[in-house]
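We did not get these values from a lab; they are worked out from the coordinates using the rules stated. Bear in mind that the values here come from a model prediction, so they are computed numbers and not experimental data. Cβ coordinates were reconstructed from backbone atoms using ideal geometry, including for glycine residues, and neighbour counts include every protein chain displayed.
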Amino acid sequence: MPKVTFLPINETVDVESGQSLMDVAHEHHIPLECACEGSLACSTCHVIVDEAWFDKLEEATEDEDDILDKAFGLTPHSRLGCQIVMTEALDGLVVTIPEYSLNFKVEVKK
């Protein structure tokens, strides 16, 4: 079963292949918002993919790139969590949830 680590909360969770990263986050109560519920209409599930993993992802579609342009704190390794589908090849994936999205500030419990 693949694993994914969410930073900065430093939580690693098991996932099922075929789940979107957004669904994984919600299932495990990870603070990753998704105002559009995965319909590719907002940028609130914006994540920053660790550089070592970025090229292992499917390429972003033009629609995803258009939505990412609206993301707060966009980086060259930004993707939408609703568009990352977990596979065995992504076992060990590391993503960072940005501190801010268009709708809220992520609070990390210390």
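Remark: Phe72, Phe54, Phe6 ranked as Phe72, Phe54, Phe6, counting other beta-carbon atoms within 10 Å and listing the fewest first.
Beta bridges from DSSP with both residues in the chain: antiparallel share about 75 percent, rounded to the nearest 5. Each listed q (0.11, 0.24 Å⁻¹) maps to a log10 I(q)/I(0) for segment 3-96, found by the Debye formula over equal Cα scatterers with no solvent: -0.26, -1.40. Take 7-13, 42-48, 74-80, 86-92 and order them by the average number of nearby Cβ atoms within 10 Å per residue, most first; the result is 42-48, 74-80, 86-92, 7-13.
Largest first and in whole Å, the equivalent-ellipsoid semi-axes of segment 2-50 read 18, 13, 9, each the square root of five times a Cα gyration tensor eigenvalue.
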